1. Can you give the Kirkwood hydrodynamic radius of segment 280-384 from its Cα pairs, in Å with one decimal?
2. Enumerate the aspartates and glutamates that residue 311 could reach by cross-link, defined here as Cα to Cα under 20 Å, with residues fewer than 8 away along the same chain left out.
3. Label 7 Å along Cα→Cβ of residue 106; segment 207-225 residues with amide nitrogen under 16 Å?
4. Summing Lys, Arg as +1 and Asp, Glu as -1, what charge do residues with Cβ under 14 Å from the Cβ of residue 302 carry, residue 302 excluded?
5. Quick one: angle between helix 253-272 and the longest Cα principal axis of the chain, in degrees between 0 and 90, rounded to 10, please.
6. Using a 1.4 Å probe on the protein heavy atoms only, what accessible surface does residue 138 show? Give it in Å² to the nearest 10.
7. May I ask you to give the percent of accessible area on the chain that is carbon plus sulfur, with a probe radius of 1.4 Å?
8. Over the chain, with a single point scatterer placed on each C-alpha, what log10 of the ratio I(q)/I(0) does the Debye formula yield at q = 0.10, 0.13 1/Å?
Amino acid sequence: MTDRKFTAASLAAQAMGWIDPVTKAVVPPIHMASTYLRDEDNGYSSGRIYARADNPTFDQAEATLAALEGGPKALVFSSGMSAATACFLALAPGDHVVVPKVMYWSLRNWLATFATHWGLKVEFVDADRTDAIAAAVRPGVTKLVWIETPANPTWSVTDIAAAADIAHRAGALLGVDSTVATPVLTRPIEFGADIVMHSATKYLNGHSDIIAGALVGARDDAHWAKLRTIRAQLGTILGQTEAWLLMRGMRTLFPRVDWACRSAQSLAERLAAHPMVSEVLYPGLPSFAGHAVSRKQMTGGFGGMLSVRIKGGERAAIATAARVALWKRATSLGGVESLIEHRASIEGPGTPCPPDLLRLSVGVEDSGDLFDDLDQALRRADNA
Ligand SMILES: *Cc1c(COP(=O)(O)O)cnc(C)c1O
């Protein structure tokens, strides 16, 4: 199917068009086996030995994701965290890495604690400023520049091409957490990224029913082999049922993301004019700082994630989240159901997240219903 130059949307819908060769089933089987038969000559002609290294149920999800991102290879992991941390564990103690101040909070915590204790020299920068990345990078010493764009939970934007150029001039790799952009909107490898990471828990799966992660490499080289070895040795592989659910979810990635982008854009514009909202953070608003860079590296929309800052401060923000009926108060993002979250209270001390901020993950409900539900919650919170 790939030879015929079908679009990424068509490849995703049919999961590369693979048909089970034995049964002709249009949906693949789940392979439960943990081990594989050895040949009489002591070899493994199937190429498979033991399921901590891989599983045939991964193949279709990995091939589809690689095709969507435009890289030769993908690896699925047990979580977004295990995919991201593999990129840092592939380095050596003493190596210098440059990472954003505003990023997924759990990875930021891991970098500040485990990775630092393990010996990585971790430097946090304002990654929405290319000059700040350039000033932090040390030629020959920095081994990895990590960015997340748009970045949780303020959706600040990093110029991927500029970051790739800075990293490569210093002899470092560029890793991009592209969870929020998805391959529908941004293909970081086209802008020079060496590794693309996804929390596949979010948009790729899209149904809030698995935890999964993925990496896509720009090259199938020794570094890629190291990432595969780390997954096999740590055993951070995806369960076979989860891999199957991920593949099922990815078939509807394009229509889900397209719908969420249009709803989020409309909500952002309507909320920007709301009397109880002081600021809307969304890359699709022309007034947003990262809008111009987003236009360069996002195609087809600006994503389904936005944040609103509430005029009444932290108390009004928490009260607003308490008064919604359709939006669900929960962490996570990228599912079909819309979620609302008071982010500062979950991130805890040291968070760069303002206390008056509510994070919104726009799902596939009717966008008028979503606005009306927020509107009544904002008005009631104001009267509380
Ligand atoms: C959720 C998330 C992660 C972590 O992924 P898990 O699947 O929860 O381990 C990393 N980065 C971003 C941007 C996320 O939203």
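The values are calculated or read from the model by the stated rules, or taken from the named source; none is laboratory data. Nothing here was measured: the structure is a model prediction, and the numbers come from that model. All Cβ positions, even for glycine, are placed from backbone atoms using ideal geometry, and neighbour counts span all protein chains on display. Note: areas computed on protein heavy atoms with side chains; ligands, DNA, RNA excluded. Shrake-Rupley method; radii C 1.70, N 1.55, O 1.52, S 1.80 Å.
1. Numbers: mean 1/r = 0.0694 Å⁻¹.
For segment 280-384, the Kirkwood estimate is 14.4 Å.
2. Partners found: 269, 279, 341, 356, 372, 373, 375, 382.
3. Residues passing the 16 Å test: 207-215.
4. Numbers: positive: 262, 295, 296; negative: 258, 269.
Cβ neighbours under 14 Å give a net charge of +1.
5. In the chain, helix 253-272 runs at an angle near 20 degrees to the longest axis.
6. Taking all protein chains as shown, residue 138 has close to 110 Å².
7. About 56 percent, which is the carbon plus sulfur part of the accessible surface.
8. -0.65, -1.06
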